[in-house]
Amino acid sequence: MTSAPVTPPRVRIAPSPTGDPHVGTAYIGLFNYVFARKHGGTFVLRIEDTDQARCTPGSEQAIFEALKWLGLNWQEGPDCGGDYGPYRQSERLPIYREHVARLLAEGKAYRCFATPEELAEMRKVQREQKLDLAYDGRYRDYDPKQAEQRAAAGEPHVVRMKVPREPGATTTVHDCLRGDVTFENRLIDDQVIMKSDGFPTYHLACVVDDHLMKISHVIRGEEWITSTPKHVLLYQAFGWEAPAFYHLGLLRNHNKSKLSKRKNPVSVFHYRDLGYLPGTFVNFLGTLGFSYGDDRERFTLDEMVERFEWSRVSPGGPVFDPVKLAAFNADDIRAMDVDTLTSQLIAHLYTPERLRAIVALARERIDLLDDFVPYTSFFFAGKVDYSQVLGKMKIKKRTRKEVVNILKTYIEEIERDPAARGFTAPELETFSRAFCERHGWKTREVFTLLRLSITGRTAAPPLFDTMAAVGKDRARLRLRDAADVLRQQPEW
Ligand code: GLU
C-alpha cells in the first residue's frame with residue numbers, strides 16, 4: 001500500500017522501563033519516527049510502567065538517553081521539552097479506572113473473585129483432562145449486584161473483559177503489512193483488564209491510551225500480534241475506531257531464532273559504549289526489513305525519511321547481523337575527516353568523570369606520566385587478550401564447565417538485579433559477595449576470575465573500582481568473551 005495519510009499521523013512507542021533499552025525498541029522507534037516525519041506527524045513516547053514489579057529504577061532515563069543518542073527525538077511524552085502528558089501510565093490510573101467502570105456498567109466486563117488457588121486448581125483439572133488451558137468463565141454470568149456488593153466490601157478480585165462467545169464468533173485484525181488475520185473468539189480468554197491491586201493490564205491501558213492520545217497508526221513488533229485481537233475487541237466494546245496496525249518482523253539471529261542476549265548483545269548501550277556511531281547504527285537498523293531501492297544499503301536518517309513507503313517494508317523477521325554492522329561502522333570511520341574523528345574519539349574515550357576515575361586508580365601504580373597509556377589500556381579496549389591469563393582461570397576442584405557457568409550466571413544475575421544497576425563499586429561489591437554466598441563459591445576464587453576476565457591481567461587496581469570504571473557494557477562483554485574463550489579450551 002502507499003502511505004499518504006490525509007491527516008498527519010500520530011504514532012507512538014510504548015516501552016516498559018524494565019532494563020537496558022533494547023535494540024528492538026530502537027528498531028521500532030526508528031520506523032515510527034521515520035513514518036511520522038515523512039508525513040509531518042507526531043511521534044509520541046509513552047512509558048508503560050504499570051507492571052511495577054518489573055520496572056527497574058533508572059530504566060526510564062536509559063530509554064530517553066538511548067533514543068536521544070540515536071537522534072530519534074519524540075515530540076510528546078516525558079523529557080521532550082514539551083508541555084504534554086502525563087505519558088507515564090502509572091500517573092494515569094484514574095483514567096483507566098473510569099474506563100473499566102464504564103465497561104462494567106455496560107456489562108462488557110465483569111468482576112472475577114476466583115482466588116489464585118482456585119485458578120491453579122482449575123488449570124490442574126484442565127491439564128489432567130488434556131483441555132486447553134484457559135479461564136473457564138466461572139464469574140462471567142455472576143449476578144452483577146452481588147459482585148458490586150462483594151467489591152464494595154473490599155473483597156479482592158480482578159476485572160475481566162467479556163469476550164463475545166456466540167458460536168463461531170471470530171475477530172479479525174487487519175494488519176497493513178500482513179493482511180487480515182482472523183482469530184476464533186473461543187480461543188481468546190476473558191482477559192484480565194484490571195488487576196486486584198487496581199492497576200490496569202497492558203491490554204486495557206494500551207487501548208485506552210492509544211485512543212485518548214489519538215494514535216492513528218500502531219507500529220510495533222510482531223510479538224504483539226496475538227494481543228491485537230484482544231485490543232480490537234476492546235475498541236469494539238468501547239465503540240471506538242481502532243487505529244491502523246503494522247506489526248514489523250522480529251529481529252532475528254542468524255539461525256532465525258528471536259534476537260536474544262545469549263547470541264547477540266541486545267542493549268543499545270552496548271553498541272554505543274563500544275564505539276559504534278549513532279548514524280551508522282540507525283542506518284543499519286534501517287536496512288532491516290526496509291529496502292531503500294537500487295540495492296543501496298547506506299543511507300542517512302533524512303534519506304530514509306525521504307524514501308519511506310510501507311511498500312518498501314517487508315514483515316519477514318530480518319537478521320540482525322553484527323558482522324554487517326561492524327563493516328558499516330568501519331566504512332564510516334574511514335570516511336570521516338580526521339578532525340571529526342578526533343573529536344568523536346576524545347568524547348568517546350574520555351568524559352572528564354571517567355578519565356578522573358581512571359587516573360585515581362592509576363596514580364598508585366604509575367611512576368612516569370608516560371606509564372599511563374600502557375598501564376590503563378585495558379580500560380579502553382573493547383576486547384582484551386586472554387592468552388596470558390587463561391591458565392590462571394583454573395580453579396581447584398572445579399571443572400572448566402563449572403567455571404564457565406559461574407561466569408554466565410554472574411552476567412545473568414547482575415543484569416537482573418536492580419541493586420546493581422548503577423554499576424558503582426559499592427554496589428558491585430555487595431552484589432558479588434552475595435552472589436558467592438548464594439552459589440557456595442569462595443569470594444577469593446570468584447574475584448580472581450572476575451579480575452582476569454575484566455582486565456586480562458593478573459595485576460590490576462582494586463576489582464570493583466576497576467569494573468565500575470571499565471563500565472557496565474564493556475564489563476559484561478568481557479565476562480561473556482572470557483566465558484566463550486574458556487569454553488573452547490580443553491578440559492583441565
Ligand atoms: N509495553 C509494550 C512494550 O514493551 C508496548 C507494546 C505496544 O507497542 O503496544 O513494547
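What follows draws every value from the coordinates through simple rules; no lab data is involved. Everything numeric here is computed off the predicted structure, so don't read it as measured data. Cβ placement follows ideal geometry from the backbone for every residue including glycine, while neighbour counts extend to all protein chains displayed.
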>> Tell me which of 259, 483, 349 sits at the most positive position along the dipole axis of the chain, charges placed on C-beta atoms (Lys, Arg +1; Asp, Glu -1).
In response: 483
>> How large is the translational diffusion coefficient of segment 288-388 in µm² per second when you combine the Kirkwood radius over alpha carbon pairs with Stokes-Einstein at 10 °C and 1.306 mPa s?
In response: 89
>> Using Cβ contacts closer than 10 Å as the measure, can you line up 442, 472, 230 from fewest to most?
In response: 442, 472, 230
> ³J(HN,Hα) across segment 67-84 via Karplus (A = 6.51, B = -1.76, C = 1.60, θ = phi - 60°), whole Hz, x for Gly/Pro?
Replying inline: 5, 5, 4, 7, x, 8, 7, 9, 9, 9, x, x, 6, 9, x, x, 10, 10
>> As a test of the formula, what do you get for the chain when each DSSP H run with n ≥ 4 contributes -39,500 (n - 2.57) and the sum is divided by the residue count, at 222 nm and rounded to the nearest 500 deg cm²/dmol?
In response: -14000 deg cm²/dmol
> Counting pairs of alpha carbon atoms under 8 Å apart in space and at least six apart in sequence, what relative contact order in percent does the chain give?
Replying inline: 14
> By counting other Cβ atoms within 10 Å of each Cβ, how are 240, 310 ranked from fewest to most?
Replying inline: 240, 310
>> Can you bin every Cα-Cα distance in segment 147-205 into 5 Å intervals starting at zero and give me the percent of pairs per bin, rounded to whole numbers?
In response: 4, 16, 16, 17, 18, 13, 8, 4, 3, 1
> What translational diffusion coefficient, in µm²/s and rounded to a whole number, does the Stokes-Einstein relation yield for segment 237-293 at 25 °C and a viscosity of 0.890 mPa s, taking the hydrodynamic radius as the Kirkwood radius over Cα pairs?
Replying inline: 172
>> Using amide H atoms built in the peptide plane, which far-off residues or other-chain residues are under 5 Å from residue 170 H to H?
In response: 185
>> If I histogram all Cα-Cα distances within segment 51-122 using bins 10 Å wide from 0, what percent of pairs lands in each bin?
In response: 15, 27, 28, 19, 11, 0
>> List the residues, sorted by chain then number, that are 5 or more residues from residue 12 or on another chain and whose placed amide H is less than 5 Å from its amide H.
In response: 44, 219
>> Quick check: convex hull of the Cα atoms in segment 31-184, volume per residue, rounded to a whole Å³?
In response: 210
> log₁₀ I(q)/I(0) of the chain at q = 0.06, 0.08, 0.13 Å⁻¹, via Debye over equal Cα point scatterers, no solvent, to two decimals?
Replying inline: -0.36, -0.62, -1.30
> Using θ = phi - 60° and the Karplus form 6.51 cos²θ - 1.76 cosθ + 1.60, what ³J(HN,Hα) does each residue of segment 26-38 get, whole Hz, x for Gly and Pro?
Replying inline: 5, 4, 5, x, 4, 5, 5, 4, 5, 4, 4, 5, 4
>> Within a 10 angstrom radius of the beta carbon, how do 273, 331, 180 rank from fewest other beta carbons to most?
In response: 180, 331, 273
> In this model, which of 394/442; 162/258; 324/408; 162/230; 108/130; 397/472 are farther than 22 Å apart at the alpha-carbon?
Replying inline: 162/258; 324/408; 108/130; 397/472
>> Can you tell me how segment 296-339 classifies by the Cα gyration tensor, rounded, prolate or oblate, using a/c under 1.5 as the rounded cut?
In response: oblate
> Give me the Kirkwood hydrodynamic radius of segment 430-492 in Å, from all C-alpha pairs, to one decimal place?
Replying inline: 12.4
> What is segment 113-265's relative contact order, in percent, from Cα pairs under 8 angstrom and six or more apart in sequence?
Replying inline: 19
> Sequence-distant or interchain residues sharing an amide H contact under 5 Å with residue 201, placed H: which?
Replying inline: 194, 195
> Which ³J(HN,Hα) values, rounded to whole Hz and listed in residue order, are derived for segment 447-456 from phi using the Karplus coefficients 6.51, -1.76 and 1.60 in 6.51 cos²θ - 1.76 cosθ + 1.60 with θ = phi - 60°, glycine and proline given as x?
Replying inline: 5, 5, 4, 5, 4, 5, 5, 7, 10, x
> With each pseudo-label sitting 7 Å past Cα toward Cβ, what's the residue 241-residue 335 distance in nm, one decimal?
Replying inline: 4.2
